[in-house]
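Visitor: Mind having a look at this structure? Questions to follow.
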Amino acid sequence: MDLIPKALQLLLDKDMIGFAGLWAEDGVMEFPFAPPGYPTRLEGRAAIEDYLRDYPKMLDIQSFPKQVVHQSVDPDVAVVEFDAEGVVVPTGKPYRFSYIAVITVRNGEIISYRDYWNPLYVQELAG
């Protein structure tokens, strides 16, 4: 899935508009493990862009030392494992987090992105 390296590079470049632009106009981003107070589902590219807009003010992602793409039997679906390293901007603390996402692409655009991140770690970072 050629979209994955492009997506990770856009995150390194802190280009949230470009990153959100990878979604189809009606694409969806879901967070099945989101804790209370966090969205569980974003519908549409505009909602995803709005959600991601301030991401670089919270996290300064500097590298993705682990990147593994597992192609499913459906050529439009991949499971992606990646680690992000950087700095928590408000505190200056180091950041290292492992992600697993299930991504569905149609016509070169993301139509579904299910992000299985650890809400306990995010709550710890938020204080």
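Visitor: For region 54-94, how many residues meet the condition of being hydroxyl-bearing (S, T, Y) and over 22 Å from P32 (Cβ atoms)?
Guide: The number of residues fulfilling the criteria is 2.
Residue-wise test of (1) more than 14 Å from the chain's Cα centre (by Cα); (2) farther than 19 Å from K14 by Cβ; (3) surrounded by fewer than 15 Cβ atoms within 10 Å (Cβ to Cβ); (4) among the charged types (D, E, K, R).
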{"position": "V80", "(1), (2), (3), (4)": "no, yes, no, no"}
{"position": "A84", "(1), (2), (3), (4)": "no, no, no, no"}
{"position": "V87", "(1), (2), (3), (4)": "yes, no, yes, no"}
{"position": "G92", "(1), (2), (3), (4)": "yes, no, yes, no"}
{"position": "Y95", "(1), (2), (3), (4)": "yes, no, no, no"}
{"position": "S98", "(1), (2), (3), (4)": "no, yes, yes, no"}
{"position": "V102", "(1), (2), (3), (4)": "no, yes, no, no"}
{"position": "G108", "(1), (2), (3), (4)": "yes, yes, yes, no"}
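Visitor: Could you please find all residues in region 39-57 being surrounded by 13 or more Cβ atoms within 10 Å (Cβ to Cβ) and within 15 Å of W117 (Cβ to Cβ)?
Guide: L42, Y51, L52, Y55, listed by residue number.
Visitor: Kindly indicate which of I4, I17, I48 is touching a strand residue (DSSP E or B) at 6+ places or on another chain (Cβ under 8 Å) and at pLDDT 95 or above.
Guide: Residue meeting the stated conditions: I48.
Visitor: All but one of (1) out of contact with any helix residue (DSSP H, G or I) (no Cβ under 6 Å at 6 or more places or on another chain); (2) surrounded by 14 or more Cβ atoms within 10 Å (Cβ to Cβ); (3) touching a residue at least 60 places away in the same chain (Cβ under 8 Å) hold for D26; state the number of the condition that does not hold.
Guide: (2)
Visitor: Does P119 satisfy the criteria of being exposed (fewer than 13 other Cβ atoms within 10 Å of the Cβ) and over 16 Å from A24 (Cβ atoms)?
Guide: Values: exposed (fewer than 13 other Cβ atoms within 10 Å of the Cβ): no; over 16 Å from A24 (Cβ atoms): yes.
In short, no.
The values are calculated or read from the model by the stated rules, or taken from the named source; none is laboratory data. Treat the numbers as computed from the prediction; the structure is a model and nothing was measured. Note: ideal-geometry Cβ built from the backbone for every residue, glycine included; neighbour counts use all protein chains shown.
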